[in-house]
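Below is one structure, written out as structure tokens; the observations come after it.
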Amino acid sequence: MAKESKQESGGHEHLTLFIVGAIVLAVVVAIVGPAAFGERFRPLVSAFDVGGEVFLRMLQMVVVPLVMASVMSGILGLGDVRKLGRPGAYAVSYYLSTTVLAVVTGLIVVNIVNPGRGISKELVEDARKEGEETVSHAVGRNDPRKIEWHNVTGDRTQEASVSKNISVPDGGASTIRIVIDQVGNAETAARAQVEWSADGNRFQPAVDGEFVAGTEAGVYRAAAAIPLPEEASYARVAFTPHPATDNTRSIVEAYLVPGPPSIGEIFQNLVLMLFTGNLLGSMVEINLLPLIVFSIVFGGMLTTMGERSKTISDLVVSTNDALMSFILLLMKLAPLGIFCLVAARFSKAQMDGQFLTLLKTQAWYMTTVLTGLGCHALITLPILLWVFTRRNPIEFFNQMSQAILTAFSTASSTATLPVTMECAEKRAGISRRSTEFVLPLGATINMDGTALYEAAAAIFIAQAYAIVEPTFVLTLDKQVVIAVTATLAAIGAAGIPEAGLVTMLIVLNAVGLPLELIGLILPIDWLLDRFRTAVNAFGDSVGSAIVDRSFETVN
Ligand code: ASP
């Protein structure tokens with residue numbers, strides 16, 4: 001027995017070393033490869049991409065059945081769903097308090113380092129342009145909150161101006177975003193004029209509401225965000241395409257971005273996220289929260305049915321065991337899969353000329369986020385672990401290392417979940433009762449790294465914005481709003497790559513920062529995402545170790 005566990009831990013250490021080696025090798029390959037082989041390196045990058053994607057998909061493949069089987073078998077193990085009450089309350093308290101601690105850490109570090117201060121006006125303006133595209137995708141075409149999209153093509157026959165009325169929802173001040181795409185040479189610039197009205201009859205021009213595209217030849221895109229006053233109930237966009245010569249076109253898109261949702265609305269959305277009208281749809285989208293809720297209720301039902309549900313209960317427990325063995329097999333492929341994932345992503349960045357340059361231009365912002373994440377993962381969480389469980393944090397870190405490295409490589413807590421469960425149970429010796437329930441829930445709602453990053457990044461953006469817009473002052477109450485919305489945004493973020501970037505828009509919107517300034521943090525986000533996901537996964541595992549103690553009192 002002793003020999004067996006020694007062998008097992010030796011195997012674990014080897015595997016961890018292989019994974020670390022794979023990551024280091026992948027980064028070296030990504031830096032040296034493009035420099036040595038130039039464009040000839042691209043086919044190899046595509047091959048790494050496929051290899052990494054296969055590994056990622058294999059992890060994702062087990063997530064949905066694993067979460068459902070493990071939560072149900074966890075409830076079956078407890079024998080009564082009511083026994084979940086106390087550990088459940090502990091788990092939720094842990095998730096919330098560590099998320100708040102992470103946000104506070106982020107705020108302290110960003111206020112000390114002040115990464116936005118030294119940034120140049122040009123960089124802020126460039127970032128605005130870059131961010132526009134992302135915002136259009138995130139809150140424009142694909143956003144269910146989009147109220148209107150108005151798309152007009154101007155050509156020779158259409159010289160008159162066209163306009164469209166939009167009704168503005170109640171709440172904070174909304175913004176009209178306008179994008180003019182121009183193809184060819186224009187004699188007169190295309191222009192869009194935003195007007196607003198409180199009653200729908202008398203319209204007046206919005207302040208700075210005229211947006212004029214250029215007349216240069218070529219293909220280009222110009223965009224503007226025009227704020228509406230709070231009393232606006234209707235808005236109108238009038239668009240005058242330029243009198244065109246042959247083969248020239250102007251296309252305008254205008255849509256309304258509603259003002260910031262209230263804290264109440266954000267809460268409402270979080271509550272709704274727990275439920276689904278379509279269980280299969282949630283499975284397809286790997287949307288775990290409603291699946292966990294369903295599994296708790298279904299598992300609870302099974303415990304009340306006695307012998308009648310024995311077949312299905314046995315099936316659930318065996319499925320769970322089989323899936324855990326499947327994960328063991330997957331871990332054998334981890335060094336190769338992780339090498340491919342990291343080599344492909346870092347090589348792409350290097351070949352686009354981003355990687356080393358970005359490290360220089362975004363150095364202070366990166367230092368801020370990494371220092372904050374480091375404090376949380378290496379100070380706050382270890383202290384909590386020791387205080388509540390008396391476990392040795394270094395040993396625990398080592399036991400969870402494969403999960404942390406997988407999180408770094410996949411940038412997805414959800415895809416890492418199978419590995420986190422495996423390490424927590426088999427290596428760290430946390431009881432199944434805790435891992436089966438605390439980890440799936442943690443992977444979806446407990447995101448300490450994401451919360452810390454959202455707070456730090458929002459303040460960084462605010463500092464940079466104050467450089468181009470001196471009237472914007474980052475007051476203490478704005479910092480409090482950022483802290484609250486960052487906490488909620490992290491809870492709502494999905495455990496997938498760069499999900500935090502999308503929920504970041506909620507935080508920016510809440511304090512009236514221009515959404516397109518997200519361009520400031522965009523280029524480096526893929527890299528920081530990996531670090532925050534690693535912290536997310538580690539935070540979940542510390543949580544399952546701490547909550548494990550509360551199961552000890554449950555019989
Ligand atoms: N990628 C992160 C995760 O999966 C979420 C985020 O912060 O973007 O945990």
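Among residues that are of a type outside the set (A, V, I, L, M, F, W, C) and assigned to a helix (DSSP H, G or I), residue 523 is included. If we scan the stretch 461-482, do we find a residue that is buried (at least 20 other Cβ atoms within 10 Å of the Cβ) and within 14 Å of the ligand (Cβ to nearest atom)? No, that holds for no residue. In this structure, residue 409 does not satisfy being hydroxyl-bearing (Ser, Thr, Tyr) and farther than 15 Å from residue 537 by Cβ.
Just the residues that are closer than 23 Å to residue 93 by Cβ and more than 9 Å from the ligand (Cβ to nearest atom), please, taken from the stretch 500-534. Hits for the stretch 500-534: nothing passes. The residues on offer are 328, 333, and the sole one that is open to solvent by 60 Å² or more (accessible area, probe 1.4 Å), part of a helix (DSSP H, G or I) and under 30 Å from residue 42 (Cα atoms) is 333. Taking the listed residues 473, 480, 468, 535, the one that is among the hydrophobic types (A, V, I, L, M, F, W, C), free of Cβ contacts under 8 Å to residues at least 12 places away in the same chain and either in contact with a strand residue (DSSP E or B) (Cβ under 8 Å, 6 or more places away or on another chain) or more than 23 Å from residue 264 (Cα to Cα) (or both) is 473, with no other qualifying.
Checking each residue of the stretch 379-393 against the condition of being within 16 Å of the ligand (Cβ to nearest atom) and under 18 Å from residue 91 (Cα atoms) gives at least one match. Highlighted here are the helices (runs of 4 or more DSSP H) found entirely within the stretch 342-429 that include at least 1 residues which are surrounded by fewer than 18 Cβ atoms within 10 Å (Cβ to Cβ): 355-361, 363-375, 381-389, 393-399.
The condition (being of a type outside the set (Val, Ile, Thr) and touching a Pro at 6+ places or on another chain (Cβ under 8 Å)) is satisfied by just one residue among 388, 408, 397: 397. Remark: residue 306 matches the filter, which requires a residue to be open to solvent by 10 Å² or more (accessible area, probe 1.4 Å) and at pLDDT below 85.
Would you confirm whether any residue within the stretch 430-440 is of a type in the set (D, E, K, R) and either within 16 Å of the ligand (Cβ to nearest atom) or surrounded by 24 or more Cβ atoms within 10 Å (Cβ to Cβ) (or both)? Yes: the stretch 430-440 contains one or more residues that are of a type in the set (D, E, K, R) and either within 16 Å of the ligand (Cβ to nearest atom) or surrounded by 24 or more Cβ atoms within 10 Å (Cβ to Cβ) (or both). The residue that is surrounded by the most Cβ atoms within 10 Å (Cβ to Cβ), among those in the stretch 483-494 that are part of a helix (DSSP H, G or I) and within 12 Å of the ligand (Cβ to nearest atom), is 486.
With respect to residue 497, is the statement that it is more than 10 Å from the ligand (Cβ to nearest atom) and either surrounded by fewer than 24 Cβ atoms within 10 Å (Cβ to Cβ) or of a type outside the set (A, V, I, L, M, F, W, C) (or both) true? No.
Residues in the stretch 507-520 that are buried (at least 21 other Cβ atoms within 10 Å of the Cβ) and outside any loop (DSSP other than H, G, I, E, B): 507, 508, 510, 515, 516, 517, 518, 519, 520.
Taking the criterion of being assigned to a helix (DSSP H, G or I) and small (Gly, Ala, Ser), the residues of the stretch 256-301 that qualify are 264, 281, 282, 295, 299, 300.
The values are calculated or read from the model by the stated rules, or taken from the named source; none is laboratory data. Predicted, not measured: the structure shown is a model, and the values here were computed from it. We place every Cβ from the backbone using ideal geometry, glycine too, and count neighbours over all the protein chains shown. For the accessible areas, the whole protein counts, side chains as well, though only heavy atoms, and no ligand, DNA or RNA atoms are used. Shrake-Rupley method; radii C 1.70, N 1.55, O 1.52, S 1.80 Å.
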